[in-house]
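These notes concern the structure reproduced below.
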Amino acid sequence: MQFPDPWWKRRHYKRRLVDVDFAVQARRLLAPGATVDFRTDVAAYAREGERTWLQAGFERLPDEPPEVLSTRERRYAVTGQPVFRARFRNPLVDLRPIQSERTGREWRDVRRK
């Protein structure tokens with residue numbers, strides 16, 4: 001998952017792609033042992049993303065340099081802008097229950113206030 005929109009303003013958080021509901025659904029749909037590669041250029045979003053994936057029951061994997069850099073990452077490497085990366089694995093054995101108050105993503109009409 002490369003550089004999802006962080007939706008900066010608090011009132012826009014509901015539009016973020018990576019939230020607990022999304023991570024829970026990903027855990028249910030991905031095969032055991034499947035990995036998620038999360039990358040962002042926003043430090044706060046990186047911290048929140050890590051908490052989200054862990055809360056959904058994914059395991060944090062050790063940091064490794066990416067095999068392939070995206071166009072954005074190559075551009076950031078030239079300018080010296082940091083990229084925050086984290087890798088997570090769907091557990092091979094389901095020992096931890098999914099920690100969510102909801103059973104699935106609750107879709108809302110984001111146009112309503």
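Brief remarks on what is shown
- Taking the criterion of being part of a loop (DSSP other than H, G, I, E, B) and charged (D, E, K, R), the residues of region 50-91 that qualify are Asp63, Glu64, Glu67.
- Scope region 22-49; condition touching a Gly at 6+ places or on another chain (Cβ under 6 Å) and either basic (Lys, Arg) or assigned to a loop (DSSP other than H, G, I, E, B) (or both); matching residues: Arg27
- Note on region 43-83: residues that are among the hydrophobic types (A, V, I, L, M, F, W, C) and closer than 17 Å to Phe22 by Cβ amount to 5.
- For region 35-79, a residue qualifies if it is surrounded by 14 or more Cβ atoms within 10 Å (Cβ to Cβ) and among the hydrophobic types (A, V, I, L, M, F, W, C), and the qualifying residues are Val36, Phe38, Val42, Ala46, Trp53, Leu54, Ala56, Phe58, Leu69.
We did not get these values from a lab; they are worked out from the coordinates using the rules stated. These numbers were taken from a predicted model, which means no experiment stands behind them. Because the Cβ atoms are built from the backbone with ideal geometry, glycine has one as well, and the counts that use them run over all protein chains shown.
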